[in-house]
Amino acid sequence: MSDQGAMRDHWYPVGMTKQLTAGGRDTLLMGEPIRVYLDNGAPAVSDGTGRSLPVIDRFGHVWTSLGAPNRDLFTIPEADQPGRRLVDVGVCRVRCSPLRAVENFLDIAHFPFVHTDILGSEPHTEVQRYEVEIREDVDEVWATKVKFYQPQAAKSAEGGITTDYMYRVCAPTCSVLYKTCPPKPGEWDVIALFVQPLTETLCEVWPWMALYDDAAEMTDLIHFQQMIFVQDRSVLENQLPALLPLDPGMEIPTRADMTSIAYRRWLKRHGFTYGAQLVAA
Amino acid sequence: MATELFSIAGQVDAPGFAPWIERHARRIGVGVTLLQAASDHVEIEVEGPPALLDAMEMGCLLGPIEVWVESIVRERVCAAGA
């Protein structure tokens with residue numbers, strides 16, 4: 001078994017609440033078999049020995065931990081705002097490090113090349129300077145004042161716009177992005193990436209959204225986000241090394257990679273190394 | 001081309017840090033001179049195109065696993081043509 005280290009005592013998504021059945025779902029969490037099921041109508045999780053694991057039901061997903069979390073699962077206050085549509089996008093299995101999946105989510109520079117004519121397009125490839133910090137009071141990574149031109153920023157967008165972004169890493173394998181809400185200026189659309197680490201090189205990604213969009217069909221919202229993530233998957237599954245390096249090694253991060261660097265520094269500081277490579281290849 | 005002083009603060013006393021800085025500078029293609037090394041502070045002079053100085057800062061912020069870099073303060077020493 002790989003060393004789960006400090007990540008053992010954190011919460012991870014292990015299924016969509018509305019898909020649970022009494023029969024349950026057998027899956028993995030950090031290399032260990034678990035079962036996620038309904039027990040008298042309430043979500044429950046047990047490990048391979050039958051031991052009950054702690055459970056939180058939040059953001060449409062079931063969360064559990066192999067260890068003993070000393071803090072509650074993070075919050076997303078926008079989830080409780082009236083008028084937002086909460087979208088459980090589903091699951092996408094990706095043959096990559098769970099940390100790589102989060103890092104890719106934080107990367108803006110790939111938009112024009114991977115999500116061409118949707119989230120980015122040439123020649124609008126420049127990532128303008130933005131701000132990144134590790135917020136000590138909440139122990140989260142935040143990137144703010146991010147701006148990027150997008151041909152179709154969201155399902156609800158009509159034509160290209162310069163989109164404002166904020167990124168937040170609130171748990172080792174979870175990130176939330178806030179972006180310009182085309183039909184409601186002044187508000188943010190919220191798109192979260194909840195990653196279940198099956199092993200160090202295999203994960204299941206559960207995107208979730210809280211949007212102001214009264215027009216689109218729910219299936220269209222889901223399909224739009226699934227299309228984006230399927231485009232990412234082909235890139236993620238071919239990244240080398242498979243584990244996320246916490247030493248830049250052969251990579252040459254640039255200023256556009258500030259969020260990735262901050263994320264890796266945060267992982268390093270906390271010893272969150274499940275899915276990471278400590279020494280450069 | 002520009003030359004900048006990088007003041008790197010943190011837990012930087014690992015013996016492998018200075019060689020790591022030199023290797024990373026070579027990889028990026030910037031010149032580097034080690035000016036001062038203490039347990040909590042390293043000063044280097046870096047010379048190269050501005051975008052590569054940014055890349056050097058990003059690399060050093062992460063650094064090797066045995067080092068924790070708290071902050072990097074950059075100070076312009078001179079710019080080519082100045």
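Please find, among A:L240, A:L267, the residue that is modelled with pLDDT of 85 or more and either outside any loop (DSSP other than H, G, I, E, B) or within 23 Å of A:R129 (Cα to Cα) (or both).
Working: A:L240 fails: either outside any loop (DSSP other than H, G, I, E, B) or within 23 Å of A:R129 (Cα to Cα) (or both).
The conditions single out A:L267.
With A:L38, A:L53, A:L86 as the choices, which residue is among the aliphatic types (A, V, I, L, M) and over 30 Å from A:M218 (Cβ atoms)? Before you say what the answer is, go through the steps one by one.
Details: A:L38 fails: over 30 Å from A:M218 (Cβ atoms); A:L86 fails: over 30 Å from A:M218 (Cβ atoms).
It is A:L53.
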Go through (1) free of Cβ contacts under 8 Å to residues at least 60 places away in the same chain; (2) surrounded by 20 or more Cβ atoms within 10 Å (Cβ to Cβ); (3) more than 14 Å from chain B (Cβ to nearest Cβ) for A:L246 and report which single condition fails.
(3)
Just to verify a result, which residue in region B:50-82, among those that are within 13 Å of B:A2 (Cβ to Cβ), surrounded by fewer than 21 Cβ atoms within 10 Å (Cβ to Cβ) and among the aliphatic types (A, V, I, L, M), is farthest from the other protein chains (Cβ to nearest Cβ)?
B:A82
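Being acidic (D, E), surrounded by fewer than 20 Cβ atoms within 10 Å (Cβ to Cβ) and in a helix (DSSP H, G or I) narrows it down to one residue among B:E22, B:E47; which is it?
Details: B:E47 fails: in a helix (DSSP H, G or I).
Criteria check complete, one pass: B:E22.
For region B:66-82, what are the residues that are out of contact with any Ser or Thr (no Cβ under 9 Å at 6 or more places or on another chain) and under 21 Å from A:D257 (Cα atoms)? I'd like the intermediate steps shown before the answer.
Filtering region B:66-82 down to residues out of contact with any Ser or Thr (no Cβ under 9 Å at 6 or more places or on another chain) leaves B:66-70, B:81-82.
Within region B:66-82, B:V67, B:W68, B:V69, B:E70 qualify.
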Within region B:42-82, which residues are over 11 Å from the mean Cα position of the chain (by Cα) and over 21 Å from A:R129 (Cβ atoms)?
B:P64, B:I65, B:E66, B:V67, B:W68, B:E70, B:V77, B:C78, B:A80, B:G81, B:A82
Region A:90-126, residues that are of a type in the set (F, W, Y) and either in contact (Cβ under 8 Å) with a residue 24 or more places away in the chain or part of a loop (DSSP other than H, G, I, E, B) (or both):
A:F105, A:F111
If only one of A:H124, A:H115 is farther than 30 Å from A:M7 by Cα, in contact with a Phe, Trp or Tyr (Cβ under 6 Å, 6 or more places away or on another chain), at pLDDT below 90 and not hydroxyl-bearing (S, T, Y), which one is it?
A:H124
Screening A:R85, A:R135 for residues that are among the basic types (K, R) and touching a residue at least 40 places away in the same chain (Cβ under 8 Å) leaves only A:R85
Please determine, by comparing only the residues of region A:249-281 that are in contact with a Gly (Cβ under 7 Å, 6 or more places away or on another chain) and of a type outside the set (A, V, I, L, M, F, W, C), which one is surrounded by the fewest Cβ atoms within 10 Å (Cβ to Cβ).
A:G271
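The values are calculated or read from the model by the stated rules, or taken from the named source; none is laboratory data. Since the structure is predicted, the reported quantities are computational estimates derived from the model, not experimental observations. Please note: Cβ atoms are built from the backbone with ideal geometry, for glycine as well, and neighbour counts cover all protein chains shown.
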